[in-house]
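Asks: This structure is in structure tokens; I'll ask about it shortly.
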Amino acid sequence: MSNKKKTKLSVKRRSFLTNTVKAGVFSAAAVSGFPYVWFKQGNAYAAKNEIKVGVLFSLTGGLAIIEESLHKATIMAIEEINAAGGINGMKLRAVEADPASDPATFAAKARTLVIKDKCVTVFGSYTSASRKAVLPVFEKQNNLYFYPTLYEGRECSKNVIYTGAVPNQQQDDFIPYLVKTYGKRWSLIGSNYIYPKEENNYCKILLKKLGCEVLMEEYVPLGHSEFSSVVNKFKNDKPNVIFSTVVGDSVVALHKQYRAAGLNPEKMPMASLTTSENEVAAMGGDAAAGHLTSAPYFMVHQSAENEKFVSSYKKRWGSDKVTHFVSEPAYFGVYLFKQALEKIGKGDITPNTIREAVKGQEMIAPQGKIKIDPATLHTYLWPKIGICKSNGQFDIIQKTDQWRKPIPYAAYPNQTCTEKGLVTS
Amino acid sequence: MDFFISQFISGLSMTSILLMISLGLAIIYGTTGVINMAHGEFVMIGAYTSWFLQTTFGMGLLVSIIPIFLITALMGFLIERIVIRHLYNRLLDTILATWGIGVLLQQFIRLTVGSELKYLKIPSFMAESMTLFGQEVSIYRVFIFVFAILTFFVAWFIIFKTSFGIRLRAVTQNKDIASCFGINSGVVYSSTFAFGTGIAAVAGAFIAPLKSISPDMGTNYIIDAFMVVVLGGVESLIGTAASSLIIGETSSFLASFSNDTLAKALVLLMIIIILRIKPQGLFTKRTRS
């Protein structure tokens, strides 16, 4: 009986094999031949007058807290561009994928967007962990990735356009201001992963130059919510400034517990690179008031472009929604993409041509006039210092007088990112 | 010395939070033998119920304790009746089923309320700090401490001083013989489950103002709760209290000498070593079985 089954199976297997080969030959012909016949542009990335772009933000899982707002900002920009007639007569089509806050899923979904869906560019991710997870996909397939988050720098890829800030942009004005205003005794507190450690590396270099003393440098586990020991150390050490690179819901717990313990932000403010309007809304204005943040964008920034951005965002997604310094780069990133395509015009639309076209591209973003640095593919930005008020918004107390050049390897003077890649001297 | 006292007080505060979140888990596991993986989500539901009552009806935290307890206890009761009831004595199945319930609850909140962090405020008269043994201490933390002790004694009173408690203990010791004496074990089980759920939810509502509220907040708490219950011994209320104290104070002092990341790892290591020596936990009942 088992013999019979085997023969049957092998026949099936053989026919299956031949069929597969036939199908394979057929589809190979389809890939190489048909598009040239069917589409006059001969361009697989801009078929049927449609340009497919991937949108890769988590809508489920822990990161959804923040990535949902990035998703919304990106989608809104795409809708706006389409409503205004698209790009060179072609519409953008967003292919949305939900990587569920998991780096491995990020990589898998990125691969699907690039290989199967043939997106010419993908907009996505918030954390460094997920960027690092998708990076090999974009480098291997030579595709393009727009990354909106401020991050730790120390990366030089020709497949990523970084629209967020790197350490030198957020800290170069911020640290001297804090030393001058509050004093030279500092405590550093961060979440335990690469971003806070790299920010602190750069911070310590600046502090050393300014002759400051670091009383404590500590890292808490991601998602940590019990800060009573940390707060006790603040009470004991009495630093002039607490430099905080704690991220996510931990920021909320830290601020609330600092406030409940009766510490005074006027004497011992927390200075942060990661506390945005989003986190402030979750901790309440009382707990946030008096603490400082440095960022290229605040919701209260006054400019015609920002007024339009904030009002369209509220109109599209709800009047209680806030815009912040990660959703703004997510938004203008799509417009940079649009400008690059307009520059290409009738030419071939591929990740390579878009990258070349986006180099040196300038535009007026909600935060001010920004520019893509041709060498590093990072962005010239306008850092501002904001102090939080009890109504949950920031007061901008200092603006830079000129845009800040991105230096992704600022803490590593012997390394430079260039158009040809990383150069070590 | 000052630092020692303030660290000791921090430890007590951590103890009270651990006690509140693990009490419900200990009661449910001790009685029904169900390892409730949805416990963290019950804590989360409590926080969201509190947020809902505060933003919709303007109810303060203290006023909303009773509605929160009743709403979530009802939820626990229904979950027991619909799902858990059919799975008693099937350990793996209950783990899987309660895990699934947890995922459902998380996604339910995500779809209805949204996934962004929510804000729950500390009642204004408790928002400041007070001086205790020469240390500035958050009034709200003191309040949580007092409330945790209170909850513990209410649970102790119900289990050891009421006729329901007698039935509950009888069912815990031997379900079949208890049934022979006319005790309806089904009712005991579902009310225990409801009670445990209610306590978890109230814990969530009280802790949330000090921390943050998100759909996946429960996953952090359930690990802590399990550590407490496993270390204390699963059938002992005193064990739960004692192991909360041990974990709370140890974390607090380790964190003060090193940092929170290391403290967390060392506490886990300590628990593993203790369980190697006493696999049943620190406090176990001697039985003939």
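Asks: Between the DSSP loop rule and a limit of at most 13 other Cβ atoms within 10 Å, which trypsin sites (Lys or Arg not before Pro) in the stretch A:290-379 are left?
Replies: Taking the stretch A:290-379 and a limit of 13 other Cβ atoms within 10 Å, the loop trypsin sites (Lys or Arg not before Pro) found are A:346.
Asks: Also: Please say if chain A is rounded, prolate or oblate, where rounded means a/c under 1.5 for a ≥ b ≥ c the square roots of the C-alpha gyration tensor eigenvalues, and otherwise the choice is prolate for a/b larger than b/c and oblate otherwise?
Replies: prolate
Asks: For the stretch B:33-136, what class follows from the C-alpha gyration tensor (a ≥ b ≥ c being the square roots of its eigenvalues): rounded when a/c is under 1.5, otherwise prolate if a/b is larger than b/c, else oblate?
Replies: Since a/c reaches 1.5 and a/b is larger than b/c, the shape of the stretch B:33-136 is classed as prolate.
Asks: Once you compute Rg and the Kirkwood Rh from C-alpha atoms, what is the Rg to Rh ratio for the stretch A:370-425?
Replies: 1.16
Asks: Ok, one more. Between residue B:238 and residue A:118, what is the label-point separation in nm under the 7 Å Cα-to-beta-carbon projection?
Replies: Taking the two extended label points, one gets 7.4 nm.
Asks: Another question about this same structure. What ranking do B:219, B:31, B:56 get, fewest neighbouring Cβ atoms within 10 angstrom at the top?
Replies: Arranged by neighbour count, lowest to highest, B:219, B:31, B:56 become B:56, B:219, B:31.
Asks: Continuing with the same structure: Provide, for q = 0.13, 0.21, 0.23, 0.26 Å⁻¹, the log10 of I(q)/I(0) from a solvent-free Debye sum over equal Cα point scatterers in the stretch B:1-75.
Replies: Treating every Cα as an identical point scatterer, log10 I(q)/I(0) equals -0.55, -0.97, -1.04, -1.15.
Asks: Give the cross-link partners of residue A:314 among the aspartates and glutamates, using a straight C-alpha distance below 15 Å as the criterion and excluding same-chain residues fewer than 8 apart.
Replies: Here the aspartates and glutamates satisfying the reach criterion relative to residue A:314 are A:68, A:79, A:80, A:277, A:305, A:328.
Asks: Then there is this: Please find the FRET efficiency linking residue B:5 to residue A:185, where r is the Cβ-Cβ separation and R0 is fixed at 22 Å, and quote it to the nearest 0.05.
Replies: Calculated transfer efficiency: 0.40.
Asks: Which of A:119, A:212 comes first, and how do the rest follow, when ranked by fewest Cβ neighbours within 10 Å?
Replies: With the fewest neighbours first, A:119, A:212 line up as A:212, A:119.
Asks: Report for the protein assembly as shown the percent antiparallel among DSSP-assigned beta bridges with both residues inside it, nearest 5.
Replies: Expressed as a percentage, antiparallel bridges in the protein assembly as shown total about 45.
Asks: Need one number: nm distance between label points at residue B:96 and residue A:369, each 7 Å from Cα along Cα→Cβ, rounded to one decimal.
Replies: So the two model labels end up 6.4 nm from each other.
Asks: Follow-up. Tell me, how many Å apart are the Cα centres for the stretch A:179-197 and for the stretch A:336-380?
Replies: If you average the Cα positions of each part, the centres end up 34 Å apart.
Asks: Gaussian network model of chain B, Cα springs within a sub-10 Å range: biggest mean-square fluctuation belongs to which of B:93, B:224, B:176?
Replies: B:176
Asks: Compute a Gaussian network model of chain B, connecting alpha carbons closer than 10 Å, and tell me which residue from B:241, B:178, B:38 fluctuates the most.
Replies: Maximum fluctuation in the GNM of chain B, among the listed residues, is at B:178.
Asks: While we're on this one: Only four residue types carry charge here, +1 at the Cβ of Lys and Arg and -1 at the Cβ of Asp and Glu. Report the dipole size of the protein assembly as shown about the Cα centre in Debye, rounded to the nearest 20.
Replies: Numbers: 72 positive and 51 negative charges, 545 e Å.
I would put it at about 2620 debye.
Asks: I need to check one value: relative contact order of chain A, counting alpha carbon pairs closer than 8 Å and at least 6 residues apart, in percent.
Replies: Rounded, it is 16 percent for chain A.
Asks: Hey, another quick one. In whole Å, what are the extents of the stretch B:24-218 along the principal axes defined by its C-alpha atoms, from largest to smallest?
Replies: Rounded to whole Å, the extents work out to 55, 42, 27 Å.
Asks: So what's the convex hull volume per residue for the Cα atoms of the stretch A:67-132, in Å³? Can you show the working numbers first?
Replies: Numbers: hull volume 5.5 nm³, N = 66.
It comes to 83 Å³ per residue, whole-number rounded.
Asks: Once a ≥ b ≥ c are taken as the square roots of the eigenvalues of the Cα gyration tensor of the stretch B:120-163, is the result rounded (a/c under 1.5), prolate (a/b larger than b/c) or oblate (a/b not larger than b/c)?
Replies: Judged from the Cα gyration tensor, the stretch B:120-163 comes out oblate (a/c at least 1.5, b/c at or above a/b).
Asks: Per 0.36 nm of contour for each residue apart, how much would the distance between residue B:83 and residue B:66 grow if the chain were fully extended, relative to their Cα-Cα spacing?
Replies: 3.6 nm
Asks: What percent of all Cα-Cα pairs in the protein assembly as shown falls in each 10 Å bin, counting up from 0?
Replies: 3, 13, 22, 22, 17, 13, 7, 3, 0
Asks: Sticking with the crude label model, points 7 Å out along Cα→Cβ, report the distance from residue B:154 to residue A:348 in nm, one decimal please.
Replies: Distance between label points: 7.3 nm.
Asks: Based only on other Cβ atoms within 10 Å, what is the fewest-to-most ordering of A:379, B:250?
Replies: Neighbour counts put them in this order, fewest first: B:250, A:379.
Asks: If you count, for every residue in A:66-78, the Cβ atoms of partner chains within 10 Å of its Cβ, what is the mean? Intermediate values should be presented prior to the final figure.
Replies: Values: counts 3, 1, 4, 2, 0, 0, 0, 0, 0, 0, 0, 0, 0.
Per-residue shielding by partner chains comes out at 1.
Asks: Here's something else I'd like to know. I want to verify a result. In a Gaussian network model of chain A, Cα cutoff 10 Å, which of these has the top mean-square fluctuation: A:275, A:105, A:245?
Replies: A:105
Asks: Another question about this same structure. Tell me the volume per residue, in Å³, of the convex hull enclosing the alpha carbons of the stretch A:207-352.
Replies: 188
Readers should treat all values here as calculations from the given coordinates under stated rules, not as data from a laboratory. For clarity, every value in this text was computed on a predicted model and none was experimentally measured. Every residue, glycine among them, receives a Cβ derived from its backbone with ideal geometry; neighbour counts consider all protein chains shown.
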